[in-house]
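Here the structure is laid out as structure tokens; the discussion comes afterwards.
The values are calculated or read from the model by the stated rules, or taken from the named source; none is laboratory data. None of these values were measured; they are calculated from a predicted model. Methodologically, a virtual Cβ is constructed for each residue, glycine included, from the backbone with ideal geometry; neighbour enumeration extends over all protein chains shown.
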Amino acid sequence: MNKVSLYLHIPFCESKCYYCDFASYPKKNAFYQDYVDALCLEIEQVGESLQQCIIDTIFIGGGTPSILSVNQLDTIQSWLKKSFSIAKDAEITMEANPGTLDQDKIDVIGNGIINRISMGLQSTENDLLKKIGRIHTFEEFKQNYESLRKVGIKNINIDMMFGLPDQTTKGYINGLSQIAHMKPEHISSYGLIIEEGTPFYGLYHNNQLHLPDEQSERDMYDSCLQMLKDYDYEHYEISNFSKPGYACRHNLVYWDLKPYVGLGLASHSYYKGQRYEHTKDLEVYIQKAKQGQFHKENIFTLTTKEMMEEFMFLGLRKMDGIAIADFEKRFGILIDQVYGKQIDDLLKEGLIQEVKNSLLLTRRGMDLANRVFSKFLIDE
Ligand code: SF4
């Protein structure tokens, strides 16, 4: 049976964080039940079309999936269970934000099929959390974390951010060490990106956002690499660290260009060589679902050239990089025949290195990753 992964999108949040450009809508409580009903119809429909597949990983993301009620969370899990052949050892993640979890929800998680929780903490400093529009405190996070452990969740990721307004290297490092001390199986540490259309975008362009300078940001990242190594985390992707054996299998599906099917509003899919997405319009999604219609939008089949590009820049995100032989195995042509010049230039610039027949980013390459990735776009 072919292995496939599923992504389910829950597009609701309590309020909008000031840096966020994800498809997530605050104050839409009135739509929660209709949305869950629609999503379950899609689960059923996609389940029928994937009868011949085994589901290896599921990621319920958002938005804030933990904003849904106990019954709604339970219903989604039940529909997943009865609609798909889920591998016995499947990794099933749900994103949960402190401030939206209570003991009843944590019990439903503990008794259901979800076996991995990804917690959006972002910072341990309450004043910083407020500044970026988060609704929770560090103390609430710690309570939720302990409760999740008590109901038997053995695989927890914690999202942290650096490069936040008025954040100091010392504050970031203190926070990260408190988190590492709690021994989650996985830590993601992302740098803030100022996205167009967010409140931070306007503030930034009016010089009203006091962001750490480039050197401080680099110091934060360097300290993160060193500290998490000292705490026995493996650095396996630019922003991701795990205890041995706990790399996020779902995210590896994306970086390894393996198939996944997205369900729900604004979800993306990559299946049978095609990329497509669903509408971002909440009411349209719900209305169409009532007629059993889940339209695919922006469908395109990746050309070989596009697949090669994605193979390079997604693969290079991983610290193991790209096995040179895999390129030939996948595309039937030597990597040097397509990218010889780019690879030579990047090796000379010290942005990538060749280690045991693989190409990987150097430390400097990690700082300039987007520049490295752009080199692999093929001109026609
Ligand atoms: S909780 Fe996550 S998805 Fe929701 S607004 Fe904040 S960053 Fe965006």
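Just a few scattered comments:
- If you go through region 207-232 and keep only what is in contact with an Asp or Glu (Cβ under 7 Å, 6 or more places away or on another chain) and either on the phi > 0 side of the Ramachandran plot or part of a helix (DSSP H, G or I) (or both), you end up with just Arg218.
- Across region 177-204, the number of residues qualifying as assigned to a helix (DSSP H, G or I) and either charged (D, E, K, R) or surrounded by 15 or more Cβ atoms within 10 Å (Cβ to Cβ) (or both) comes to 8.
- Against the list (1) hydrophobic (A, V, I, L, M, F, W, C); (2) away from the ligand (no atom under 16 Å from the Cβ); (3) farther than 19 Å from Tyr254 by Cβ, the condition Phe31 fails is (2).
- Residue list for region 257-282, restricted to those being of a type in the set (D, E, K, R) and touching a residue at least 60 places away in the same chain (Cβ under 8 Å): Lys258, Lys280
- Filter pass, Leu360 being in contact with an Asp or Glu (Cβ under 8 Å, 6 or more places away or on another chain), more than 25 Å from Asn240 (Cβ to Cβ) and modelled with pLDDT of 95 or more: no
- Of everything listed in (1) surrounded by 19 or more Cβ atoms within 10 Å (Cβ to Cβ); (2) closer than 25 Å to Cys20 by Cβ, the single unmet condition for Lys131 is (1).
- Picking from residues in region 9-26 that are near the ligand (Cβ under 7 Å from one of its atoms) and under 12 Å from Ala266 (Cα atoms), the one that is surrounded by the fewest Cβ atoms within 10 Å (Cβ to Cβ) is Phe22.
- Filter result for Ile92 (crowded, with 20+ Cβ neighbours inside 10 Å, touching a residue at least 12 places away in the same chain (Cβ under 8 Å) and within 16 Å of the ligand (Cβ to nearest atom)): no
- When Ile114, Ile135 are checked against the criterion of being under 25 Å from Tyr246 (Cα atoms) and in contact (Cβ under 8 Å) with a residue 12 or more places away in the chain, Ile114 stands alone in meeting it.
- So Ile109, is it assigned to a helix (DSSP H, G or I) and in contact (Cβ under 8 Å) with a residue 24 or more places away in the chain: yes
- Within region 112-128, tally of residues that are within 18 Å of Leu68 (Cβ to Cβ) and in a strand (DSSP E or B): 5
To keep it simple, each residue is scored yes or no on (1) under 30 Å from Lys288 (Cα atoms); (2) touching a helix residue (DSSP H, G or I) at 6+ places or on another chain (Cβ under 7 Å); (3) in the same structural domain as Lys16 (by TED's automatic domain parsing).
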{"residue": "Asn206", "(1), (2), (3)": "no, no, yes"}
{"residue": "Glu214", "(1), (2), (3)": "no, no, yes"}
{"residue": "Arg218", "(1), (2), (3)": "no, yes, yes"}
{"residue": "Tyr221", "(1), (2), (3)": "no, no, yes"}
{"residue": "Leu225", "(1), (2), (3)": "no, no, yes"}
{"residue": "Leu228", "(1), (2), (3)": "no, yes, yes"}
{"residue": "Leu263", "(1), (2), (3)": "yes, yes, no"}
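- Test: residue in region 129-140 that is in the same structural domain as Phe12 (by TED's automatic domain parsing), of a type in the set (A, V, I, L, M), assigned to a helix (DSSP H, G or I) and within 16 Å of the ligand (Cβ to nearest atom): yes
- Any helices (runs of 4 or more DSSP H) falling wholly within region 233-323 and containing at least 3 residues that are acidic (Asp, Glu): 304-315
- Asn71, sole failed condition from (1) surrounded by fewer than 19 Cβ atoms within 10 Å (Cβ to Cβ); (2) under 30 Å from Tyr201 (Cα atoms); (3) not aromatic (Phe, Trp, Tyr): (2)
- The single condition among (1) within 16 Å of the ligand (Cβ to nearest atom); (2) crowded, with 18+ Cβ neighbours inside 10 Å; (3) modelled with pLDDT of 95 or more that Gly99 does not meet is (3).
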